[in-house]
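The values are calculated or read from the model by the stated rules, or taken from the named source; none is laboratory data. Remember, predicted model here, so these are calculated numbers, not experimental data. Please note: Cβ atoms are built from the backbone with ideal geometry, for glycine as well, and neighbour counts cover all protein chains shown. In case anyone asks, the SASA skips ligands and DNA or RNA and just uses the protein heavy atoms, side chains included. Shrake-Rupley method; radii C 1.70, N 1.55, O 1.52, S 1.80 Å.
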Amino acid sequence: MTTREDTTATSSQQVSPVRGWLGVAAITASLFVFLTTELMPIGLLTPLSESLDVSVGAAGLMVTAQGVAAGLGVPFIVAWSRRVNRRKLLATLLAVLAAGNLITSIAPSYPLILGTRMLMGFASGVFWAIGVSMAMRIVAPKHAGRAAAVVMSGISIATVVGIPLGTLLESATSWRTTFAIWAALSAVIMLAVAVTVPSLPSANAVSVREVFSLPVKNVPLRVVLIMVVLFVLGHFGAYTFVRPYLEQDASAGVGFVTVVLIVFGIGGAIGNFVGGHTVTRSLRGSFVVGGLAMVTALVLLLVAGKNDAGVIVAMTLWGLAFGVVQLSQITMTLSAAPQEFEAAMSLNTMAYNTCIALGALIGGLFADHAGVTSVVWFGIALVTLAVLLRGLTGSPRSVS
């Protein structure tokens, strides 16, 4: 990945390699807790809906609320905080996350939980915009790409370990205890960031006007953002309701659901590794093949029915495809705007997280009114559109 020179031009030469990579590890851990917190309700929808006396679709709004805030707020907050030292900003974001998880664990009402999730979403969105660039700046310039890849591995760690672990903790204790544990973990990582990440004055954040004018002037970035919208709507519209779907159509218990989520995460880790090799050869090919594999997996999930082996195969393929497509779309975003790193990432974050929210919202409407099977068909349709757009779009050097 290529970014503007000042993304890595910092005091990295004055930071020891050991401290630099410890800082990368802390930023990776930050991604882990942010993403796990955002997606935790996916594995807890059934107990959440029962405990809070709301429908499964309404419980899915916990994902929606955080996603809306993360998506809509990030370009403004990143621009407004463009003079704030990035280490202090990240520590503050983690403090907000810790407080939000704690409030969620003790909140007496569902509206309070939704409001809290929105505040947490603002913090999550800003992290996605600044996290990768921070990691790239605290190591030697020649290792910047590797640092970015390490941070992005936090996505796989969250899906392999975080979400399934949350499901296990809930089954052993309660969903409230699960969020309390994540509050403590967020606080520990906040301290790790304060200790290991060196001072990072803001390098390339821009004004709000410049952020929103970027896709107007940059056609390749505009195309990528449209693909992100379609892909994320389809993927998360279906994935948010995996547990209810498996419980209803596959008669799955908590144990099997946990196994399936772990399998998906393992597939995602493998896909992230595979994508790391394929995107350097063909970004377009990686996205198209990964998207087609995801569509195949969703169809297989419908066909598998109550066949446990078929479900596991489908979820493994889905995870693998997600890993490839996820890395492809991030790389395409950065490649389309190498001179406006944080601006491009804030727009990606806005599109991505808003569509997580909308995917959960639309999926909830389908689940409540047409059954959870319809949510899988929704995913198939949207991901197919994303693949068609990527396949039919010209291939400027910056995004292919």
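Mind listing whichever residues of the range 46-77 are touching a residue at least 60 places away in the same chain (Cβ under 8 Å), open to solvent by 20 Å² or more (accessible area, probe 1.4 Å) and either closer than 17 Å to V96 by Cα or in a loop (DSSP other than H, G, I, E, B) (or both)?
Result: S55, V68.
Could you tell me which residue of the range 269-320 is nearest to P244 (Cα to Cα), considering only residues that are modelled with pLDDT under 85 and buried (at least 21 other Cβ atoms within 10 Å of the Cβ)?
Out of the qualifying residues, it is N272.
Give me the pairs: first residue in the range 228-244 and more than 20 Å from V289 (Cβ to Cβ), second residue of a type in the set (S, T, N, Q) and part of a helix (DSSP H, G or I), beta-carbon distance under 7 Å, and six or more apart or on different chains, which are they?
Cβ pairs passing all conditions: R243/T46; P244/T46.
Identify all residues within the range 72-88 that are under 18 Å from S30 (Cα atoms) and touching a Phe, Trp or Tyr at 6+ places or on another chain (Cβ under 9 Å); write none if there are none.
Listed by number, the list holds a single entry, V74.
Between residues in the range 361-375 that are touching a residue at least 12 places away in the same chain (Cβ under 8 Å) and residues that are crowded, with 23+ Cβ neighbours inside 10 Å and not in a helix (DSSP H, G or I), which pairs lie under 7 Å by C-beta distance while being six or more apart or on different chains?
Short answer, once both residue conditions are applied: G363/G60; G363/T240; G363/F241; G364/G60; A367/F241; V372/F241; V375/F241.
Could you figure out which of (1) part of a helix (DSSP H, G or I); (2) open to solvent by 50 Å² or more (accessible area, probe 1.4 Å); (3) modelled with pLDDT under 90; (4) in contact with a Leu (Cβ under 8 Å, 6 or more places away or on another chain) isn't true of S400?
With (1) part of a helix (DSSP H, G or I); (2) open to solvent by 50 Å² or more (accessible area, probe 1.4 Å); (3) modelled with pLDDT under 90; (4) in contact with a Leu (Cβ under 8 Å, 6 or more places away or on another chain) applied to S400, the lone miss is (1).
Please tell me if R83 is under 19 Å from the mean Cα position of the chain (by Cα) and either basic (K, R) or not in a helix (DSSP H, G or I) (or both).
No; evaluated as a whole, the condition is false for this residue.
Pull out all pairs, ordered by first then second residue, where Cβ-Cβ is under 8 Å, the residues are six or more apart or on different chains, the first lies in the range 138-157 and is farther than 24 Å from I266 by Cβ, and the second is basic (K, R) and in a loop (DSSP other than H, G, I, E, B).
Taking only residues 6 or more apart or on different chains, not a single pair turns up.
Scanning for something under 25 Å from Q66 (Cα atoms), part of a loop (DSSP other than H, G, I, E, B) and at pLDDT below 85, does the range 367-377 turn up at least one residue?
yes
Going residue by residue through the range 119-137, is there one that turns out to be in a loop (DSSP other than H, G, I, E, B) and out of contact with any Pro (no Cβ under 7 Å at 6 or more places or on another chain)?
No - not one qualifying residue is present in the range 119-137.
Give just the number: which of (1) closer than 21 Å to L97 by Cα; (2) open to solvent by 20 Å² or more (accessible area, probe 1.4 Å); (3) in contact with a helix residue (DSSP H, G or I) (Cβ under 6 Å, 6 or more places away or on another chain) does P215 not satisfy?
All conditions pass for P215, except number (1).
Which one of these does S395 not meet: (1) of a type outside the set (V, I, T); (2) farther than 23 Å from L246 by Cβ; (3) modelled with pLDDT of 90 or more?
Only one criterion in (1) of a type outside the set (V, I, T); (2) farther than 23 Å from L246 by Cβ; (3) modelled with pLDDT of 90 or more is unmet by S395, namely (3).
With respect to the numbered conditions (1) more than 17 Å from the chain's Cα centre (by Cα); (2) under 23 Å from N353 (Cβ atoms), which one is the sole condition not fulfilled by A140?
(2)
Return the residue satisfying two criteria in turn: it lies in the range 157-180 and is among the aliphatic types (A, V, I, L, M) and closer than 23 Å to D53 by Cα, and of such residues it is surrounded by the most Cβ atoms within 10 Å (Cβ to Cβ).
Across the range 157-180, the extreme among qualifying residues is I163.
Exactly one of (1) in contact with a His (Cβ under 9 Å, 6 or more places away or on another chain); (2) modelled with pLDDT of 85 or more is unmet by G57. Its number?
It is condition (2) that G57 fails.
For G323, indicate whether it is at negative phi, open to solvent by less than 30 Å² (accessible area, probe 1.4 Å), assigned to a helix (DSSP H, G or I) and modelled with pLDDT of 90 or more.
The answer is no for G323.
If you go through the range 192-213, how many residues are farther than 30 Å from Q339 by Cβ and over 23 Å from the mean Cα position of the chain (by Cα)?
Of the residues in the range 192-213, 2 are farther than 30 Å from Q339 by Cβ and over 23 Å from the mean Cα position of the chain (by Cα).
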